[in-house]
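Notes to accompany the following structure.
The values are calculated or read from the model by the stated rules, or taken from the named source; none is laboratory data. Just so we're clear, the structure is a prediction, and the values are computed from it rather than from any experiment. Neighbour counts run over all protein chains shown; Cβ positions are idealised from the backbone, glycine included.
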Amino acid sequence: MSVKSFIPAEPYLNSFGITIQQAQKFIDLNIEHPEIIYNTARDYGVTTAMLSEIEGIPKDVINTYFESVDKEGMFIDGMSIIVNSDLGALELLVNFNNRTGSLSNTSLREETLGKLKIKTDYDPFFSETMKRDLHNDGIYDAEELGIGHLGNVPAKGENLESIFYGSLINMLSALDKSEWNQITGLRDSGNTEKLHTILFTALSESPSPVAWSEVELKNMVATEAADIIDKYWHSDSTLIGILDHSLLGLATV
């Protein structure tokens, strides 16, 4: 389900009690019915990279195959909980929030709720009942998260909330005031190509010391959080990761 593959096809299938040979047989039996293969892959979180491994054919061939029935491989791959782009080295910005005081999860939750247009959008955004624990084992693995370095994360809303705030703090702490003003202007103008380039460069290096006071950072994180949650529920976008609409998502889309 992840855009970037973290788990090889064989162990991933084995975790469902399915062998490579069984998967190959299923594909061979349904080769004339791309929609069946697509829907089954989507249900099990099997990515185009995994299908490429199973069948030994390039990913672009698989995408063309699905496009024959108006299905796109990206909608198999873009189903991760946290982020659905290949972050590369920026992945390390994604982490839990271990801060206390005004930047604690509790404090940021209260601040974000105060900025949200619809308060009831908050809890479902993190709720485990809304996310894809495909194995029903109470664990989010790397494929389900879309992030490799966090390992297996217990499937609880409080963990996603902590990752959400920790990552937003890390992103905003990586920007200096000049970069932030430039990014804000580009977001308002809709110049996405230039925004992408500047964001990626800016997030790759962090100023020392951090340019923002704790009070400023709290307000910025909560404002970003409220905007992301609002876009998640009320925009026309098909993005489903809790950080897909963040600065990190914009930098790597």
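What to note about this one:
- Residues satisfying the stated conditions in the range 198-253, i.e. within 23 Å of residue 159 (Cβ to Cβ), modelled with pLDDT of 90 or more and assigned to a loop (DSSP other than H, G, I, E, B): 241, 242, 243, 244, 245, 246
- Residue selected from the range 143-155 under the condition out of contact with any Lys or Arg (no Cβ under 7 Å at 6 or more places or on another chain) and either of a type in the set (Asp, Glu) or surrounded by fewer than 16 Cβ atoms within 10 Å (Cβ to Cβ) (or both), by the criterion nearest to residue 8 (Cα to Cα): 143
- Among the residues examined, residue 142 does not qualify as at pLDDT 90 or above and small (Gly, Ala, Ser).
- Qualifying residue in the range 105-128 (condition: modelled with pLDDT under 95 and either among the β-branched types (Val, Ile, Thr) or outside the structural domain of residue 227 (by TED's automatic domain parsing) (or both)): no
- Restricting the range 91-127 to residues that are part of a loop (DSSP other than H, G, I, E, B) and aliphatic (A, V, I, L, M), the residue that is surrounded by the fewest Cβ atoms within 10 Å (Cβ to Cβ) is 118.
- Those residues of the range 143-160 which are touching a residue at least 60 places away in the same chain (Cβ under 8 Å) and within 25 Å of residue 109 (Cα to Cα), in sequence order: 144, 145, 146, 147, 159, 160
- Residue 206, sole failed condition from (1) surrounded by fewer than 18 Cβ atoms within 10 Å (Cβ to Cβ); (2) closer than 19 Å to residue 125 by Cβ: (2)
- Within the range 225-253, the residues that satisfy the criterion of being among the aliphatic types (A, V, I, L, M) and touching a Leu at 6+ places or on another chain (Cβ under 9 Å) are 225, 226, 228, 229, 242, 243, 247, 248, 250, 251, 253.
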